[in-house]
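Comments concern the structure below.
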Amino acid sequence: MEMGAALTESAFPLNHQRLPRHVAVIMDGNGRWAQRRGYPRIRGHVAGVDSVRTVVRQARKLGISYLTLFAFSEENWQRPNLEVRALMALLSRYLDRELKEMQDNQIALRAIGDLKRLPGAVQQDLARTIEATADGAKMILTLALSYGGRTEIVQAVQALAADLLSGRLKPQEIDAALFRRYLYAPDLPDPDLLIRTSGEYRLSNFLLWQSPYTELYVTDTLWPDFKEDDFLKALAAYQERERRFGQTREQIAALNNTSSRH
Ligand code: IPE
Ligand code: IPE
Ligand code: MG
């Protein structure tokens, strides 16, 4: 197995000093994966869970600090009831089955989204797993569930407006850093890399506030087919990018030189 891992790495060589700190993934294409095989869509979701396992393991192994997975959007509530129920059941089963591995590998689970909309049993499973893994110090695995970026922002505005009205906050105190404190996970850094599978070039309401300078990577690979190699390829592509944050290439080069001398 060790040799296989080495071969995979060499196909997409990585600079381990320049890995993204936070990788977010829009796990898309389960339905198409199933339909192409003549299966019901739900089988695609079942197969997708294996890719979740693979990517979580590999991110942890590589030393990525934050991994955020878009598992269920606010808009996904509109899907056929049977599919929604199957997804919720899969989620509970995943939490149950992965708990030990998360604990063994010091992975802390978190969740973002309008979690109150989840079935009570799923909310309980989530809360239990979050609590049981809270000590995990090596990687934060965040599941976006019942998540919508606009709703996140609107809910933040509601809480902020309440603090304004109660006098706890003055309008002139509001800036981006303060606003962030009202989001679902204020301590989560912005994603450095956002991967979307299945060839769709859109954000689908994911991490709207958090992604102003996130590097986007879209692959045609459907989520259930996304494995170690595909993840390494995305990371290698990220390392080819020049992140300028609005500055010039020369400024960025000068910055990189100073920081590498320290
Ligand atoms: C992503 O796969 C999983 C969820 C949105 C829950 P899809 O179910 O969206 O798969 P496609 O896009 O229909 O192929
Ligand atoms: C985005 O995929 C949501 C998740 C992956 C959970 P969708 O399949 O819901 O996105 P659209 O509808 O193609 O934009
Ligand atoms: Mg889809």
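Accessible surface for Glu74 stands near 50 Å², nearest 10, in the context of the full protein assembly shown (1.4 Å probe). Mean-square fluctuations from a GNM of the chain, with a 10 angstrom spring cutoff on Cα atoms, peak among Ala86, Ala177, Ala185 at Ala177. For the stretch 207-249, the extents of the C-alpha atoms along the principal axes are 37, 24, 14 Å, listed from largest to smallest.
To put it simply, the accessible area of the chain at a 1.4 Å probe is 51 percent carbon and sulfur. Say the dipole of the chain comes from +1 at the beta carbon of Lys and Arg and -1 at that of Asp and Glu; which of Gln78, Thr129, Ile140 then lies farthest toward its positive end? Ranked along the dipole, the leading option is Gln78. Along the stretch 162-170 the Karplus relation, 6.51 cos²θ - 1.76 cosθ + 1.60 evaluated at θ = phi - 60°, assigns HN-Hα couplings of 4, 5, 5, 5, 7, x, 5, 9, 9 Hz to successive residues, with x for each Gly and Pro. Answer rounded, prolate or oblate for the chain, using the Cα gyration tensor with square roots of eigenvalues a ≥ b ≥ c: rounded when a/c is under 1.5, else prolate when a/b is larger than b/c, else oblate. Verdict is oblate for the chain.
Each principal axis of the Cα atoms in the stretch 19-154 has its own extent, and those three values, largest first, are 39, 34, 27 angstrom. Proximity of backbone amide H atoms, modeled 1.01 Å from N, is registered between Ile112 and Leu143, Ala144, Leu145 at under 5 Å, excluding neighbours fewer than 5 places apart on the same chain. Charged neighbours of Gln35, selected by a Cβ distance under 15 Å, balance to +3 (K, R count +1; D, E count -1). Amide H contacts under 5 Å for Met27: Phe70, restricted to partners 5 or more places along the chain or on a different chain, H placed in the peptide plane at 1.01 Å from N. The mean accessible area for residues of the chain, using a 1.4 Å probe and ignoring ligands and nucleic acids, is 55 Å² per residue. Working ranking of peptides 46-57, 137-148 by packing, defined as the average number of other Cβ atoms within 10 Å per residue, highest first, is 137-148, 46-57.
Between Glu215 and Leu193, Leu194, the built amide H atoms are under 5 Å apart, and every one of these is 5 or more places off in sequence or on another chain. Using a Förster distance of 22 Å, how high is the FRET efficiency between Glu131 and Lys100, based on the Cβ-Cβ distance and rounded to 0.05? The pair Glu131/Lys100 has a calculated efficiency of 0.90. Using C-alpha pairs below 8 Å separated by at least 6 residues, the relative contact order for the stretch 159-247 is 24 percent.
The values are calculated or read from the model by the stated rules, or taken from the named source; none is laboratory data. These figures come from a predicted structure and were not determined experimentally. So basically every Cβ, Gly included, is an ideal-geometry build from the backbone, and we count neighbours across all protein chains shown. The accessibility values were calculated without ligands, DNA or RNA, using every heavy atom of the protein model including side chains. Shrake-Rupley method; radii C 1.70, N 1.55, O 1.52, S 1.80 Å.
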